[in-house]
Amino acid sequence: MTTPGNLIIISGPSGSGKSTVVQRLMVDSALPLALSVSATTRPPRPGEENGRDYIFLTDEEFQAKRQAGEFLECKEVFGRGYWYGTLRNVVSAGLSKGKWVLLEIDVQGALAVLQGYPQAITIFVHPGSMAELEKRLRNRGTETQDSIQRRLDVAAEELALRHHYTHEVINDEIDTTVQQLCKLLVQYQGEKVPCSKN
Ligand code: ADP
Ligand code: 5GP
């Protein structure tokens, strides 16, 4: 029988570096990680691929899945009509194969998932400061001024809820952050697997 996997929830303000850290973790970590690809109605950014970064859906497709109860949690993020959601079958398929399923979702989504999976490992990725967060959002070059402001407003709300998470990691220097996360995760395994592949 396969050992059931673990559920890991990573949240943090948009622009704090979650995707960057998670991508590195997927490559570097020796743990059997599986990234849960969320569905969204947001249009793809340049370079984003359907099925890899998100499952990009139309409003109609998303709402049909919502009605059918296919989401573990879903919500409209940033109040501009874009929906994001975690698909139940993606999570359960990963867990039943013994994978450590990683969700990169917002705080409200995380709190909703914790209702069903209270044993989930929760990690809040902190940008260090609001000034640093703003700098990263600007440098990423993907957002309008309007969207940056909205993300900063939401960030302040998310930071106020970070006490709900078991772990908080300040993403200052990327290599250090990845190492820190790796070390933190291996503490949860019964059989010892090294933190990184190297
Ligand atoms: P999120 O997924 O949380 O929205 P991203 O991973 O897209 O954030 O990162 C936002 C921007 O900050 C990107 O341009 C990324 O390259 C950059 N970034 C990520 N981590 C760091 C870091 N530790 N130091 C400086 N810049 C970073
Ligand atoms: P972005 O548009 O920058 O990719 O993501 C915006 C926000 O949506 C981020 O805070 C991210 O964590 C959140 N997000 C991504 N996928 C999901 C999801 O499936 N559910 C929820 N609740 N939030 C998500």
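Some notes on this structure:
- Using a 4.7 Å Cβ-Cβ cutoff, the cysteines of the chain lacking any partner cysteine are Cys74.
- Calculated mean residue ellipticity at 222 nm for the chain: -12000 deg cm²/dmol, from DSSP H runs with n ≥ 4 weighted as -39500 (n - 2.57), summed, divided by the residue count and rounded to 500.
- Computed over every Cα-Cα pair of segment 7-186 and binned at 10 Å starting from 0, the pair-distance distribution P(r) comes out as 9, 38, 40, 12, 0 percent.
- Average accessible surface for the chain: 51 Å² per residue, computed with a 1.4 Å probe over protein heavy atoms with every protein chain in place.
- Antiparallel content of DSSP bridges confined to the chain, in %, to 5: 30
The values are calculated or read from the model by the stated rules, or taken from the named source; none is laboratory data. Quick caveat, the model's predicted, so the values are computed rather than measured. Here Cβ is always computed from backbone atoms with ideal geometry, including for glycine, and neighbour counts include all displayed protein chains. To get the accessible areas, we keep the full protein, side chains included, count just its heavy atoms, and leave off ligands, DNA and RNA. Shrake-Rupley method; radii C 1.70, N 1.55, O 1.52, S 1.80 Å.
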